[in-house]
Amino acid sequence: MFVLFSRVPGTLTHIRSCMSSLVKKTGTNIVKDPENLKHPKFFVQKVLNCRKKFHIFVKRSFMEDRSFTRDLKDSLEYFINLDSRAARYLSLYLDDMMRKGLKGKSPDEREKILNDVISIFRYLSDKDVFEDFYKKHLASRLL
């Protein structure tokens, strides 16, 4: 379909905007879900699953076209930064992973999990807030 639509000028712009609105709508539902606000681990896991799903979608359906990849990145940044608690939730998720989530996993699995968390960290606009919370969690882990 991508190859077919790419032959007609202007159609890819419309498809990109539709994809972007779908990602934003899906992400906004994750952010606004009251259950996710109660459980930071579920929130981050759902964001990771959403990112993975749409990343695979762009990779397979649009041959990793740069404009689709850029719109996906912008859409993910949009909904992740809707709630200022995202940085805190990400630091809590990472702290939980460091305490008990990574034990018993192979080095490759650990690296994959940490790369996923880092990919979400890149979308955060409140990196300094994340850093403050992470420092507190690190201090409590060390003590």
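The values are calculated or read from the model by the stated rules, or taken from the named source; none is laboratory data. Here the structure is a predicted model, which is why all the values come from computation and not from measurement. Virtual Cβ from ideal backbone geometry, glycine too; neighbours counted across all protein chains shown. When the accessible area is computed, the model is the full protein with side chains, heavy atoms only, and any ligands, DNA or RNA have been set aside. Shrake-Rupley method; radii C 1.70, N 1.55, O 1.52, S 1.80 Å.
Before moving on, here are some points about what is shown:
- Projecting the Cα atoms of L48, L102, V31 onto the dipole axis of the chain, where Lys and Arg carry +1 and Asp and Glu carry -1 at the beta carbon, places L102 farthest toward the positive end.
- Computed from Cα positions, the angle between helix 107-123 and the longest principal axis of the chain comes to roughly 70 degrees.
- Phi angles of the range 9-26 translate, via the Karplus equation with coefficients 6.51, -1.76, 1.60 and θ = phi - 60°, into HN-Hα couplings of x, x, 6, 5, 4, 5, 5, 4, 5, 5, 5, 4, 5, 5, 4, 5, 5, 4 Hz per residue; Gly and Pro are given as x.
- On the chain, 56 percent of the accessible area sits on carbon and sulfur atoms, based on a 1.4 Å probe.
- Per residue, the chain exposes 63 Å² of solvent-accessible protein surface, assessed with a 1.4 angstrom probe and all protein chains in place.
- Backbone geometry of the range 124-139 corresponds, through the Karplus equation with coefficients 6.51, -1.76 and 1.60 at θ = phi - 60°, to 3J(HN,Hα) couplings of 5, 8, 9, 5, 5, 5, 4, 4, 4, 5, 5, 4, 5, 5, 5, 4 Hz, x marking Gly and Pro.
- Cα-based helix-to-principal-axis angle, 86-96 vs the chain, degrees rounded to 10: 50 degrees
- Highest mean packing first, where packing is the average number of other Cβ atoms within 10 Å per residue, the peptides 99-111, 61-73 line up as 61-73, 99-111.
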